[in-house]
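Read the structure below first, then the notes.
The values are calculated or read from the model by the stated rules, or taken from the named source; none is laboratory data. The model shown is predicted, which means the values in this text are computed figures rather than measured ones. Positions of Cβ are backbone-derived with ideal geometry, glycine not excepted, and every protein chain shown enters the neighbour counts.
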Amino acid sequence: MALEHNEPGGISSPEAAAPADVIMPRDTRILVASQWQLIWWRFRRHKLALFSAFILIVIYLIVLVAEFIAPYDPGDYSARYTYAPPQTLNLFDTRDGQLSFNSYVNDYTVEIDPQALRRTFVIDPETRIPVRFFVRGWSYKLFGLIETDIHLLGPENPRDRIFLLGADSIGRDVFSRMIYGTRVSMTIGLVGVLISLVLGIFLGGISGYFGAWIDNLIQRSIDFLRSLPTIPLWLGLAAALPLSWGPLQIYFAITIILSLIGWTALARVVRGRFLSLRTEDFVMAARLDGASQMRVIFEHMLPAFYSHIIASITLAIPGMILAETALSFLGLGLRPPVVSWGVLLQDAQNIRSVATAPWLLTPAIGVIVSVLALNFLGDGLRDAADPYSH
Amino acid sequence: MLCAFIALLSLSVSAQDMTYQQAPSLDAQVESGELPPVEERLPANPRVVEPLESIGQYGGTWNMGTRGGTDDAIYTRTVAYHSLVRWNPEWTDIIPDVAESFEVNDEGNVFTFHLREGMKWSDGEPFTADDILFYFNDMLLNPEVYPAPPTWFQSAGEPGVAEKLDDYTVQFTFSAPNGLFIQNLATPQQQHVVQQPKHYLSQFHAAYADEDELAAMVAEAGVESWVDLFSQKGAFVAGRPDTLWLNAELPTINPWMLVDPMSPSATQVRLVRNPYFYVVDSEGNQLPYIDEVIYNVGAEVETLVLQALNGEIDMQDRHIGTNANRAVFFDNQEAGGYHFYETVPSSSNVMTISLNLTNPDPAKREIYQNKDFRIALSHAIDRQEIIDVVYVGQGTPYQVAPRPQSPLYHEQLATQYLEYDPDLANQMLDAILPDKDGDGFRLMPNGERLVIAMEVIPTLQPEWTGALELIQDYWADVGIDMQLVVEDRTIFYDRKLANQHDGGIWGGDGGLEVILEPRWYFPFSAESIYGEAWQHWFNNPNDERAEEPPEATRQQMDLYNQLRSTADAEGQNELMTQILDIAAEQFYVMGIALPANGYGIVKNNLHNVPASILQAYLYPSPAPTNPETYYYGE
Amino acid sequence: MVRFLIKRLISLLVTLFAVSLVAFAIIQLPPGDFLTSYLTNIAADGQTASQQVVDRLRENYGLDQPVYVQYAKWMGNILSRGDFGQSFEWNRPVEEVLWSRMGMTLTLSIATLMLTWVIALPIGIYSAVKQYSPGDYLSTFIGFIGVAVPDFLISLVLMYIAFKYFNQSVGGLFSPEYENAAWSVSKVLDLLSHLWIPVIIIGLAGTASLIRVMRANLLDELRKPYVVAARARGLPERRVILKYPVRVALNPFISTAGWVLPGLVSGSIIVAVVLSLPTAGPLLLRSLLSQDMYLAGAFILLLSVLTMLGTLLSDLLLALVDPRIRYG
């Protein structure tokens, strides 16, 4: 999207000043608004992006207070509840014909079927396991600092087990694990994205601005890096890293290496932009003003497409989230006891789960929602961040 | 599993008095003269097999699923299990197969096999002693094909001598008694003895083929040497993936012969009836009953599972018959038209936990080699809970030892240190590693925390990771930090061979086939994870990775070498029991539970399939249950 | 123009050389080699091979040589004789193994490509024209679902649904009875019944980025003065949009079509693996996991060449269209 500067309302346009005693019509507010305000107004029009932003705020809140929300420690297993189906949380009790407020779930009756080798769980509507909000449960450190044991919701009696999203193959609560998985999955890619960002802007900018042999060299390097097929690289790296590293460390290492390759996409875009921008008037004006090369690049040209940058980041994160799940599928990503969506989906990747325990697939919903939200948000940002393109 | 050396006379005289019938699908070819009549196609004395349930009907196609590539074991397990001798279906005895009878002399070093006169390859050429000798003399003893003669064909370090006494008699002579020779011949790896037709393969063998012609063929095939071409044509060259089903032109003696071979682009491997198959049923009908065999090549296990649910696979337990899938298969029986058969595992344990006793890290080595350390770890495990959680209550706590039904059952080795007693464990560990760090984990004498890196391949058996996570907790309770290291097969294998591993998980081989597979009872092969350096010493003392083991272990090795030279079963069992005694004393590895019986699925209309089938590698199920007698009825 | 082309070709060769080095390094990275991989596989069955045999074989295959010697041999063979070596696992020349799967890979790739375009272009156009409308949201949502759902999971789920609710035979590209049968109408129908799952999954996955590009480009074009002029002249809306802006908006999109080439080969490896399709993707994965050195190496080289050709093509197209870039 071209940045057009020949329209009224540019960055510093003298015609924008209006007499103070004239009530400004709505349209002319645009003339005096700052760049960021324009972006915000534009962004608001994209309803889907707005909604997505809201969703993402909720998700990152969950990331912050995962321990508070999760009723159980994600590693807590239970022999008696393997593959238990989800229990619905009821808020109103109609026992004895009376309607009362009582949050609870129904317990199961369990039978073991030796022929089919499974436990059959039947929800027993007569039983009640009371569920309370802001209940005491296992203790943890909120934000890593405050020691507490209050959880958003959980069984009134800590020895009871509730499974809002069912249990997995060794009886762990899927709901708790999914909450914890959110934390790892939504944050694991951020470092890599940042590195890609820095490299992309820096190298792409230099390449586009200076042109000539620098451009050539960087372009050829980009070509080279893009020709390397990712899956073989993943496999080779994962195999070569020292085993003594914890799974989280290994994953970090892989994402960092991947981002060292992934900066190429952003670099190409930045380069393209710089190529067209460097002939613009305002650049020449800045040079004439005496600004150094670096200053011109970073203080004048770059702001022209913050929008692109922000949009690129937002669009790169879902790539990382999906890459994490794909790597787990290949056996290269995070592994137990780390809990991430990719790890959880690995447990679900078999016919047994799809056919008889579909609740194990709910982490996929987390992936879908967050990836969609990030994509729409990025689209909205990109649309909005070129306020001058109208 | 017992192994009795029976000098058998010719099989039932009635075989020679029978009139023979053939499959109707062959009638047209015999009429037109393409094929000789059935009496001429069968040997004078065909092998007679009594079908399990009933005489069968001719016809039908047997559908199976395979993963492709190097998953060729399924071929041996169904179609290609025919050698000089074979196991009987109950795995208690060895019976003649291609050979109609065999004798062993009293000292146990001369073996004579009588072949069946008139037996032919699938292309009509006679099957004679020449074919057997071709394998032994031109392949096994040819260093280009086989870098070193295999251990089963050696005794006292020297390879045996194979001689032809006449067209239908072969004799093997060893310099010292070769106690396990006959048993080894019945294992699936030794099927090649009778699968290498001289008249066909010699065209590609440097010693027989014209030099220029061979060179031309090598160039045309785009390979480097004649051995590569030889291997491509179906010859078994050491260390290469088995090529038995890669070449449709290779003559065979199996019940079915290849029409569409396996290849990189193959999605189906197809075989049709072999009109020269040398086996008949008890009424003289030439086997097999089934007309065609098809292997559907699919890469992924879950795809095979769906195909099985859909009724597209007629009989299978390999790959799909897991504990996890049982519920799904159970639910779908009626719709899929199949039912379960039972598989009886020969495995001694659901998982074997090995600490590397020859650890390159001397500090760890000292700790691991302390038997009390291992005993404590064993007492710290709540086996019943693992059985309940991971194995849905199936199985009983057990160490790594011969199964109860084995004649070599050893109570001490099987039941020692099984009680869940974390207090006792803590007590014992306090005596060895008293210091703990801030998190409660024990420190080694040098002040570092002891971390056991337990390597495991999760794809082999999914239950292992679940169980290991539980064990991680149990050991943490007694102050031991165990880390799960989940890795791919190749990495696991390589680290093991290079003796870089700290600890490893594997299955329990050798629960029934104790003598032939003693890897967990003393450091026998590269599979003895707990003592790689010692097993190198056992197999090749000059290997740079070899280390001399402690005295008790050396004693075991001596006993086993003696066993190899012992001719009779009783003597072998006695020596093996002594080895097991020492194994119980040494307590090299620990186990969790005796595996419960498994299952396989079989279509309702496939008959003569046993309801219960043994499962092992050395007993390549279901082949010893005579698949050539399976048939499709109602 | 010709000078530009020659310069690019030279740099392509240099890059290819660099890639071959990296490719070989990647294959050698994991510890062990094909023999250990093979041994592990048979060990999982309970089989063993004697150590002497293994050591002697390692010698024969040249696997005990230092890495640079192996590399030199490999490159030497390729450059001098066009010999890419033997696949250890299949016991056949690498070229044979690679080509045997190409037919199916191409079929699948072309089918999914067509689906992607058919879905993405209309949605892209619609969402640009009717920006911010509910229809825009809905169609972009559909387009983006393809990207958001983890492909390995949806493949398994769709396979299960096909089996359970449509009673289809799943896995591979044909049902067992049609595998080796002659081509007929029913065989084609059978192929379609197997193709729909991978085509939908892979096709949908590609739509998101295409929609985005289409939308962005078209939005740019639609704001240009000539569009306003056309509208003012009274041209019907459809012609205003389709006649010129769409075609111009397609230009940059066509140049990015060069990236399609490597996709043809690796064709969404993960989906192909889960669905057990006989395409190149699963073969590549296998060869990497089992360290089938020459096969994996040839694959990586092939993918890289295709990527570079794709870049070259897209740059060429771009240069053809925009003279500034040629001389910049």
Of these, A:ARG136, A:ARG132, A:ARG119, A:ARG128, which one is assigned to a strand (DSSP E or B) and within 21 Å of B:PHE330 (Cα to Cα)? A:ARG119
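Residues are listed down the side, and each one gets a yes or a no for (1) out of contact with any Pro (no Cβ under 8 Å at 6 or more places or on another chain); (2) closer than 30 Å to B:GLU292 by Cβ; (3) more than 14 Å from chain C (Cβ to nearest Cβ):
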residue	(1), (2), (3)
B:GLU544	yes, no, no
B:ALA569	yes, no, yes
B:ASN573	no, no, yes
B:ALA611	yes, yes, yes
B:ALA616	no, yes, no
B:THR625	no, yes, yes
B:THR629	no, yes, yes
Failed condition for B:LYS364, given (1) more than 14 Å from chain A (Cβ to nearest Cβ); (2) in a helix (DSSP H, G or I); (3) of a type in the set (D, E, K, R): (1)
Anything in segment C:284-311 that is of a type outside the set (A, V, I, L, M, F, W, C), part of a helix (DSSP H, G or I) and touching a Phe, Trp or Tyr at 6+ places or on another chain (Cβ under 7 Å)? List them, or say none. C:SER287, C:TYR294, C:GLY297, C:GLY310
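Conditions tested, residue by residue: (1) farther than 13 Å from C:ALA208 by Cα; (2) touching a residue at least 40 places away in the same chain (Cβ under 8 Å); (3) within 14 Å of chain B (Cβ to nearest Cβ); (4) crowded, with 22+ Cβ neighbours inside 10 Å.
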{"residue": "C:GLU89", "(1), (2), (3), (4)": "yes, yes, yes, yes"}
{"residue": "C:MET102", "(1), (2), (3), (4)": "yes, yes, yes, no"}
{"residue": "C:LEU106", "(1), (2), (3), (4)": "yes, yes, yes, no"}
{"residue": "C:LEU115", "(1), (2), (3), (4)": "no, yes, no, no"}
{"residue": "C:ALA120", "(1), (2), (3), (4)": "no, yes, no, yes"}
{"residue": "C:ALA128", "(1), (2), (3), (4)": "yes, yes, no, yes"}
{"residue": "C:TYR132", "(1), (2), (3), (4)": "yes, no, no, no"}
{"residue": "C:THR140", "(1), (2), (3), (4)": "no, yes, no, yes"}
Hey, among A:TYR77, A:TYR72, which residue is on the phi < 0 side of the Ramachandran plot, in contact (Cβ under 8 Å) with a residue 60 or more places away in the chain, within 14 Å of chain B (Cβ to nearest Cβ) and among the hydroxyl-bearing types (Ser, Thr, Tyr)? A:TYR77
Can you pull out the strands (runs of 3 or more DSSP E) entirely within segment B:67-126 that have at least 1 residues that are within 19 Å of the chain's Cα centre (by Cα) and of a type outside the set (Ser, Thr, Tyr)? B:85-87, B:94-96
From the list B:GLN154, B:GLN196, which residue is within 14 Å of chain C (Cβ to nearest Cβ) and in contact with a Gly (Cβ under 9 Å, 6 or more places away or on another chain)? B:GLN154
Matching residues, segment B:264-299, being basic (Lys, Arg) and either facing chain C (nearest Cβ under 8 Å) or not in a strand (DSSP E or B) (or both): B:ARG270
Filtered residue count, segment B:318-332, keeping only those that are at pLDDT below 85, farther than 15 Å from C:LEU156 by Cβ and out of contact with any Leu (no Cβ under 8 Å at 6 or more places or on another chain): 3
If B:ASN597 meets every condition in (1) within 27 Å of B:THR343 (Cα to Cα); (2) modelled with pLDDT under 90; (3) touching an Asp or Glu at 6+ places or on another chain (Cβ under 9 Å); (4) surrounded by 21 or more Cβ atoms within 10 Å (Cβ to Cβ) apart from one, which number is that one? (4)
What is the residue count in segment A:50-74 for residues that are in a helix (DSSP H, G or I) and either modelled with pLDDT under 85 or acidic (Asp, Glu) (or both)? 1
Only one of these is free of Cβ contacts under 8 Å to residues at least 60 places away in the same chain and surrounded by 15 or more Cβ atoms within 10 Å (Cβ to Cβ): C:ILE200, C:ILE241, C:ILE154. Name it. C:ILE154
Every residue from segment A:131-167 that is more than 30 Å from A:ALA348 (Cα to Cα) and touching a His at 6+ places or on another chain (Cβ under 8 Å): A:PHE134, A:VAL135, A:ARG136
Can you name the number of the only condition in (1) assigned to a loop (DSSP other than H, G, I, E, B); (2) buried (at least 21 other Cβ atoms within 10 Å of the Cβ) that B:SER525 fails? (2)
Within segment B:300-319, residues being facing another protein chain (nearest Cβ under 9 Å), surrounded by fewer than 24 Cβ atoms within 10 Å (Cβ to Cβ) and of a type in the set (A, V, I, L, M, F, W, C) number 1
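Surrounded by 18 or more Cβ atoms within 10 Å (Cβ to Cβ), under 30 Å from A:GLY144 (Cβ atoms) and either touching an Asp or Glu at 6+ places or on another chain (Cβ under 6 Å) or modelled with pLDDT of 70 or more (or both): does that describe A:TYR77? Spell out how you get there, then give the answer.
Working: surrounded by 18 or more Cβ atoms within 10 Å (Cβ to Cβ): yes; under 30 Å from A:GLY144 (Cβ atoms): yes; either touching an Asp or Glu at 6+ places or on another chain (Cβ under 6 Å) or modelled with pLDDT of 70 or more (or both): yes.
The answer is yes for A:TYR77.
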For segment B:416-450, which residues satisfy the criterion of being touching a Phe, Trp or Tyr at 6+ places or on another chain (Cβ under 8 Å) and either of a type in the set (S, T, N, Q) or in a strand (DSSP E or B) (or both)? B:GLN416, B:ARG449
State yes or no: is C:ILE42 surrounded by 15 or more Cβ atoms within 10 Å (Cβ to Cβ) and modelled with pLDDT of 75 or more? no
Leading residue by the ranking (nearest to the other protein chains (Cβ to nearest Cβ)) among those in segment A:235-265 that are at pLDDT 75 or above and buried (at least 18 other Cβ atoms within 10 Å of the Cβ): A:THR264
Report yes if some residue within segment B:471-479 is among the acidic types (Asp, Glu) and surrounded by fewer than 21 Cβ atoms within 10 Å (Cβ to Cβ); otherwise report no. yes
Would you confirm whether any residue within segment B:558-565 is surrounded by fewer than 23 Cβ atoms within 10 Å (Cβ to Cβ) and in a loop (DSSP other than H, G, I, E, B)? yes
Return the residues of segment C:157-213 that are more than 30 Å from A:LEU360 (Cβ to Cβ), part of a helix (DSSP H, G or I) and within 11 Å of chain B (Cβ to nearest Cβ); say none if nothing qualifies. C:PRO176, C:GLU177, C:TYR178
Consider segment B:282-293. How many of its residues are surrounded by fewer than 24 Cβ atoms within 10 Å (Cβ to Cβ) and touching a helix residue (DSSP H, G or I) at 6+ places or on another chain (Cβ under 7 Å)? 1
Per-region count, segment B:471-524, residues touching a strand residue (DSSP E or B) at 6+ places or on another chain (Cβ under 7 Å), on the phi < 0 side of the Ramachandran plot, of a type in the set (Gly, Ala, Ser) and more than 14 Å from chain C (Cβ to nearest Cβ): 1
Residues of segment B:367-394 being assigned to a loop (DSSP other than H, G, I, E, B) and surrounded by fewer than 22 Cβ atoms within 10 Å (Cβ to Cβ), in sequence order, are B:ASN370, B:ASP382, B:TYR391, B:GLY393, B:GLN394
Filtering segment B:597-609 down to residues that are polar (S, T, N, Q) and over 21 Å from the mean Cα position of the chain (by Cα), which residue is farthest from the other protein chains (Cβ to nearest Cβ)? B:ASN608
